[in-house]
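Trainee: One structure, as C-alpha cells, below. Some questions next.
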Amino acid sequence: MSDGTDRGSVHVVGTAHVSHESVDRVREEISEHDPDVVAVELDEGRYRQMKGEAPDDIDPQDLLRGSMAFQFLAYWLLSYVQKRLGDRFDIEPGADMLAAVETAEERGHEVALIDRNIQVTIQRFWSRMGILEVRV
C-alpha cells in the first residue's frame, strides 16, 4: 500500500500524423522522460496493421450489406486523404505513432493502445449523417 509519497504523472505530447518534426519530438520526449507506459492513439487493428501484420479478414458479403459499404467507403476516403498528405509532406501517415511504439519497445516501456476500434467511430459517423449530407 502506498503512503501517498509516490505520485505518478502524465506527460502529453501533441503530434501531427504527417510530420517529421512530430516523429523527432516523440522520440526525444520518450527518451527524456523515460516513462513506464507510452500511450498511443491506436486501436488493436491499426496497431497490428502498422506493425505489418495482416488485417482481419472481411467477408465480401458483409461489406455489401447495409451501411457496411458506406463505412468501408468512409474508411477508404480517410486513408486516401492521409496518404495524399503523407505524399505531400514526404512522410508515411502515422509515422509519429509508429515512432512512439518503436521507441517505447526499444527502451523496454509498456505500450498502451488507447483508441477505440475505428469501425465503431465510422459506424457512429454514418449513423449521425442525414440523407442530405450523404449526397455527393
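Trainee: What's the total number of residues in region 102-115 that are within 20 Å of residue 18 (Cβ to Cβ) and over 11 Å from the mean Cα position of the chain (by Cα)?
Mentor: 2
Trainee: Within the set of pairs 6+ apart or on separate chains, which have a first residue in region 106-122 that is farther than 22 Å from residue 36 by Cα, a second that is in a loop (DSSP other than H, G, I, E, B) and aromatic (Phe, Trp, Tyr), and C-beta atoms under 7 Å apart?
Mentor: none
Trainee: Additional query: Of the residues that sit in region 92-136 and are among the basic types (Lys, Arg) and modelled with pLDDT of 70 or more, which one is surrounded by the fewest Cβ atoms within 10 Å (Cβ to Cβ)? Spell out the reasoning first.
Mentor: Restricting attention to region 92-136, the residues satisfying the condition of being among the basic types (Lys, Arg) are 107, 116, 124, 128, 135.
Still in the list and also modelled with pLDDT of 70 or more: 107, 116, 124, 128.
Numbers: 107: 13, 116: 10, 124: 11, 128: 8.
Checked region 92-136; the qualifying residue surrounded by the fewest Cβ atoms within 10 Å (Cβ to Cβ) is 128.
Trainee: With respect to residue 11, is the statement that it is in a loop (DSSP other than H, G, I, E, B) and at pLDDT below 85 true?
Mentor: no
Trainee: For region 39-60, give me the residue count where each residue is at pLDDT 75 or above and part of a helix (DSSP H, G or I).
Mentor: 7
The values are calculated or read from the model by the stated rules, or taken from the named source; none is laboratory data. What you see is a predicted model; the values in this text were computed from it and never measured. Cβ: placed from backbone, ideal geometry, glycine included. Neighbour counts: every protein chain shown.
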